[in-house]
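Computed from the coordinates by the stated procedures, all read-outs in this text should not be read as laboratory data. Just so you know, these numbers come straight off a predicted model, no measurement behind them. All Cβ positions, glycine included, derive from the backbone under ideal geometry; neighbour counts span all protein chains shown.
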Amino acid sequence: MCMSILNPSIELEKQLNSQIYTALQGEIVEEVLRKTIISSRDAYWRSNMEGHSLKVQKELLPDFSELCQSVKQKLGFDEKVDFYITGNSDVNAFSLAAEDEDEPHIVNINSALFDLMSTDELRFVIGHELGHLINKDTALSRLINFVFPEDTSIPVTLQYKIRLHSQLAELVADRYGYLATEDLGVCVTAFFKMASGLDLQKMNVSLEALIADNTRRLDYFLKDKGVSRSSHPVNPIRVQALNLFATCKSQEELDKGMDELFTILLKISDDELDEYLARFIASAGILVASLDEKVNADEVNRIIETLAALKIFPRQYLDEIVQGDVIQIFDDAVSNILKINPGLRAMMLDYMIHVTLSDKVIDRREVDMLYSFGAKIAFSEMEVAAAIAKSIQRNYLPSLESIC
């Protein structure tokens, strides 16, 4: 079993896994599924691989079989795994966890990889795919796919968290790939070969040039211009994350370096306006909700639901705003939003009205604030009154408490 002073797991990935699993009632749903549904997914993939791919066996492919088994052994993974090679020009590989604990897992390597990768680079790829199995990423994916079939919309805030979890899971799998090789250069060249589909030796590309290029591209993402939007982190993040894992001398040093990379993964947008909108939503919501000296759970939920379109962790962001100078944050956000897009005046007023009505109590102080804010953004009293009236007619419901 390989040994490392650093833990290949990422705490934020584990937290997100638990949070998503809990939100989807994973324990109950999985129990129900075990009792009611016998999935054909495992049989489908196993039949597909057995029928259309080459199974890696010692008698047939002794060298590659030994390579696969040596990586398994080095990572200390003792569960059964069937390895396959599929004739496919895509520079890719994948792993599938078995649904039945008595069945072997599946790891597939596309044939295109053998044309590009050295033996050590293949070791990294195999280690990466085994890392997904060790980290048990498939179980959460299956739960998500069941609760939200392809034609079902996932709530926005959950979409963001699922994407972030997927990206972090890839970084964890990369660490297992590194542990399989213990050679950062091998990992870096494997990344760039998979990204470009090029044989770097034939193209006369040096490792030093790749590292320098990665540093330049990472700088682009760190300076608030780039956003990592796919299920896999962009390569500059993956390379730097592995560099940290390979070179840091302590877990504290590693965590500090990773925090900087997380700022990229946590970005939903590179639009400056979106950040001012988030500050407005949080600060305006707090100011309106606290006017009656009793912040209601419905008001907080309204703020968080609106923030969820702009922040992956809206509650945490709201708590951070509360700790600051809320009035100053509010004034600054309003000023900048009006400079960038004055057409959002009506949206801002409507949002504050919605927060006012969310606790089903229309407080005089809240209404006075709406008129004051309306005047600040160049609305007349009549226009503010019309907006309040429209919202009452469309959205207001009296509380049951008040009529029972």
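Some notes on this structure:
- Residue 290/residue 153 FRET efficiency (R0 30 Å; Cβ-Cβ; nearest 0.05): 0.35
- Going from the fewest other Cβ atoms within 10 Å to the most, the residues 340, 109, 20, 10 appear in the order 340, 20, 10, 109.
- Sum of -39500 (n - 2.57) over DSSP H runs of 4+, divided by residues of the chain (222 nm, nearest 500): -21000 deg cm²/dmol
- Efficiency of FRET from Cβ geometry, residue 60 and residue 266, R₀ 60 Å, rounded to 0.05: 0.85
- Shape of region 272-403, Cα gyration tensor, a/c cut at 1.5: oblate
- The C-alpha atoms of the chain define a longest principal axis, and helix 364-376 lies at about 80 degrees to it.
- Fluctuation leader among 172, 227, 32 - the chain, Gaussian network, Cα springs under 10 angstrom: 32
- With Cα atoms, 0 to 90° folded angle of helix 381-395 axis to the chain main axis: 60 degrees
- Shape call, region 251-345: gyration tensor on alpha carbons, a/c limit 1.5: oblate
- Between 22, 138, 152, the residue with the greatest mean-square fluctuation in the GNM of the chain (Cα pairs under 10 Å linked by springs) is 152.
- Structural descriptor for region 11-265: relative contact order 17 percent, calculated from alpha carbon pairs under 8 angstrom and at least 6 residues apart.
- Figure legend: label point modelled 7 angstrom from the Cα of residue 103 along Cα→Cβ; residues of region 46-81 with amide N under 15 Å from it are 46-51, 80-81.
- Relative to the longest principal axis of the Cα atoms of the chain, the long axis of helix 272-289 makes an angle of roughly 50 degrees.
- Of all beta bridges that DSSP places with both ends in the chain, some 50 percent have antiparallel geometry.
- Within the listed set 208, 182, 79, the residue fluctuating most in the Gaussian network model of the chain (springs between alpha-carbon atoms under 10 angstrom) is 208.
- The simple Förster model, with R0 at 56 Å and r as the Cβ-Cβ distance, assigns residue 195 and residue 347 a FRET efficiency of 0.90.
- Sorted by Cβ density within 10 Å, fewest first, the residues 183, 137, 63, 199: 63, 199, 183, 137
- Were the residues from residue 115 through residue 136 laid out at 0.36 nm apart, the gain over their Cα-Cα distance would be 4.6 nm.
- Approximate spin-label separation residue 69-residue 207, in nm, with each point projected 7 Å along Cα-to-Cβ: 3.0 nm
- Computing Rg and Dmax of the Cα atoms in Å for the structure here picks out one of [x] 21.8, 74; [y] 27.2, 89; [z] 26.2, 85, namely [z].
- Residue 222 paired with residue 42, simple spin-label distance in nm, labels 7 Å along Cα-to-beta-carbon: 4.5 nm
- J(HN,Hα) series, region 176-185, from Karplus relation 6.51 cos²θ - 1.76 cosθ + 1.60, nearest Hz, glycine and proline x: 5, x, 5, 4, 6, 10, 6, 9, 4, x
- J(HN,Hα) series, region 346-354, from Karplus relation 6.51 cos²θ - 1.76 cosθ + 1.60, nearest Hz, glycine and proline x: 5, 4, 5, 5, 4, 4, 5, 5, 4
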